[in-house]
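Remarks on the structure that follows.
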Amino acid sequence: MQLQKHVDILKYQDKVVLANRYNGTWIRVSDEVFGLIQDFLKADVVSPDEVLEFSDIKDKEYFDKVISEMKKCYMVKDGKTYFEQKMMKSVIIETTNRCNLHCSHCCVAAGDDLSGELDTKSMKKILDKCMEWNPEFIAFSGGEPLFRRDFFELLFYLRKKYQGKIGLCTNGLLITDQNVETICQNVDQIDISIDGVDEETCSVYRGKGVFKKVIRSIELLQGKGFENISLSMVFSDINEHLESAFAKLNKKLGTKPIYRMLAEKGRAKENKEKLASNEYEESYVPESFIDEDGKYNELNASKCAAGKHSIMIRHNGDVYPCPSFTEHEEFCMGNILEVDSIQTLIDNENVKTALFRANRANGENCKNCPVNIFCFSCPGDPYRFSSEEKFLEYCKVSKKLLMERVWGV
């Protein structure tokens with residue numbers, strides 16, 4: 001039995017953390033138990049009984065439980081049973097930057113600007129190249145993807161030729177009695193931005209009347225038997241008290257909640273005074289950060305696949321590792337219409353270097369930190385800090401919480 005190559009090992013005092021950077025799962029064991037794990041793996045046998053002796057049956061049961069957990073987390077493999085997990089390949093396609101809403105916090109400042117938007121023929125070329133790369137998941141995003149007149153033509157084109165999962169990221173307002181069945185028949189997953197728990201709180205971000213219309217769209221989808229729906233909400237210090245209400249709303253609706261932190265880019269920069277308090281800083285850490293009862297209860301190690309197994313294609317064909325990097329030109333991998341394949345863009349050495357540098361865990365200040373694989377799920381998150389000082393302010397608070405959660409100190 002062998003340790004998978006995608007497993008990171010962190011050590012702190014007399015404890016060891018093993019983390020799968022493909023799926024984010026992790027376990028913590030004592031240094032003594034880790035030594036036994038190493039002996040067991042070096043022997044390359046199937047059962048611990050072949051190389052290890054335990055004086056206490058409880059010790060043996062515990063060790064067997066650890067090995068079993070490692071298998072469940074896809075951390076080990078052996079010659080007979082291959083416990084493998086590949087990182088899922090995915091593509092987000094920003095079909096348009098136009099939108100039927102003018103949300104105050106929109107990070108791409110979507111509106112009614114047609115500039116750069118590609119025609120149907122070019123979009124189909126993009127879909128062909130995506131399918132050639134063979135991702136497991138392709139999502140239509142925006143702006144508002146349903147705002148394109150040819151949206152359903154593009155959806156039918158993809159569904160007919162593609163066997164993987166198709167996602168739709170939408171504000172939900174253009175889902176109607178006339179098109180809901182078509183959407184349900186051709187889409188596997190729908191993510192709807194709602195940004196509120198009722199009419200009053202939703203209207204702050206999305207405008208009056210939106211909440212009721214979104215609920216109606218959800219009812220339409222579920223009326224056709226479609227259940228794979230998630231709702232997202234953006235939080236700052238002035239509305240984080242609504243997190244439990246948002247969880248309850250999703251439970252009531254039978255949807256999955258997605259919690260997002262306010263990102264000060266796009267229109268959110270202009271409307272910060274409306275969306276957060278004067279005290280809201282880049283270094284802000286939510287009160288529920290990795291709280292046992294909060295949204296971060298299931299703390300994961302970083303499992304970012306950006307620029308390697310996942311990409312985002314903007315409305316003009318420019319490709320980025322993920323949406324977090326779209327404001328930074330050094331992360332533009334090229335234009336998909338100007339290359340033969342997506343793999344050509346992924347092999348771009350300049351972008352690889354930029355991504356390596358973007359990962360704080362590779363930097364001088366963070367490379368030896370015992371929680372460096374937990375602090376940011378996305379390497380693009382630190383780019384929200386305007387200075388190293390702001391980052392260090394954030395680190396001071398978050399590191400203390402992470403040390404307690406990960407290492408129990």
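A few remarks follow.
- Residue match in segment 131-144 (condition: at pLDDT 95 or above and exposed (fewer than 14 other Cβ atoms within 10 Å of the Cβ)): yes
- A residue that is farther than 29 Å from Met123 by Cα, out of contact with any strand residue (DSSP E or B) (no Cβ under 7 Å at 6 or more places or on another chain) and not in a helix (DSSP H, G or I) cannot be found anywhere in segment 324-338.
- Residue within segment 356-368 that is modelled with pLDDT of 95 or more, out of contact with any strand residue (DSSP E or B) (no Cβ under 8 Å at 6 or more places or on another chain) and in a helix (DSSP H, G or I) present: no
- Strands (runs of 3 or more DSSP E) wholly inside segment 1-64 that include at least 1 residues being surrounded by fewer than 18 Cβ atoms within 10 Å (Cβ to Cβ) and modelled with pLDDT of 90 or more: 7-12, 26-30
- Selection within segment 389-399: residues that are charged (D, E, K, R) and touching a residue at least 12 places away in the same chain (Cβ under 8 Å). The member of this set that is nearest to Ala361 (Cα to Cα) is Lys399.
- Residue match in segment 211-227 (condition: within 26 Å of Lys161 (Cα to Cα) and β-branched (Val, Ile, Thr)): no
To keep it simple, each residue is scored yes or no on (1) touching a Phe, Trp or Tyr at 6+ places or on another chain (Cβ under 7 Å); (2) of a type in the set (S, T, N, Q).
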residue	(1), (2)
Ser30	no, yes
Asp39	no, no
Asp44	no, no
Glu53	no, no
Lys77	yes, no
Lys86	no, no
Arg98	yes, no
Leu101	no, no
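- Residues (surrounded by fewer than 17 Cβ atoms within 10 Å (Cβ to Cβ), among the polar types (S, T, N, Q) and closer than 21 Å to Cys395 by Cβ) located in segment 342-383: Asn362, Asn365, Asn368, Ser377
- Close pairs (7 angstrom Cβ cut-off, 6 or more residues apart or separate chains): in contact (Cβ under 8 Å) with a residue 60 or more places away in the chain in segment 328-349, surrounded by fewer than 19 Cβ atoms within 10 Å (Cβ to Cβ) and among the hydroxyl-bearing types (Ser, Thr, Tyr) anywhere: Leu337/Ser122
- Number of the exception - Glu281 against (1) crowded, with 19+ Cβ neighbours inside 10 Å; (2) at pLDDT below 95: (1)
- Residues of segment 117-174 that are touching a Cys at 6+ places or on another chain (Cβ under 9 Å), in a loop (DSSP other than H, G, I, E, B) and under 16 Å from Glu94 (Cβ atoms): Gly142, Gly143, Glu144, Asn171.
- Qualifying positions in segment 346-355 - out of contact with any strand residue (DSSP E or B) (no Cβ under 9 Å at 6 or more places or on another chain) and part of a helix (DSSP H, G or I): Glu349, Asn350, Lys352, Thr353, Ala354
- Selection count, segment 65-78, where residues are out of contact with any helix residue (DSSP H, G or I) (no Cβ under 7 Å at 6 or more places or on another chain) and either assigned to a helix (DSSP H, G or I) or farther than 15 Å from Ile9 by Cβ (or both): 9
Let's see how each residue does on (1) touching a Cys at 6+ places or on another chain (Cβ under 8 Å); (2) among the β-branched types (Val, Ile, Thr); (3) modelled with pLDDT under 85; (4) closer than 22 Å to Phe151 by Cα:
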{"site": "Cys184", "(1), (2), (3), (4)": "no, no, no, yes"}
{"site": "Gln189", "(1), (2), (3), (4)": "no, no, no, yes"}
{"site": "Glu199", "(1), (2), (3), (4)": "no, no, no, no"}
{"site": "Lys208", "(1), (2), (3), (4)": "no, no, no, no"}
{"site": "Ser230", "(1), (2), (3), (4)": "no, no, no, yes"}
{"site": "Phe235", "(1), (2), (3), (4)": "no, no, no, no"}
{"site": "Leu249", "(1), (2), (3), (4)": "no, no, no, no"}
{"site": "Met261", "(1), (2), (3), (4)": "no, no, yes, no"}
{"site": "Ser277", "(1), (2), (3), (4)": "no, no, yes, no"}
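- Phe374 assigned to a helix (DSSP H, G or I) and aromatic (Phe, Trp, Tyr): no
The values are calculated or read from the model by the stated rules, or taken from the named source; none is laboratory data. Not measured: the values here are computed from a predicted model. Quick reminder, even Gly has a Cβ in these numbers, built from the backbone with ideal geometry, and neighbours come from all protein chains shown.
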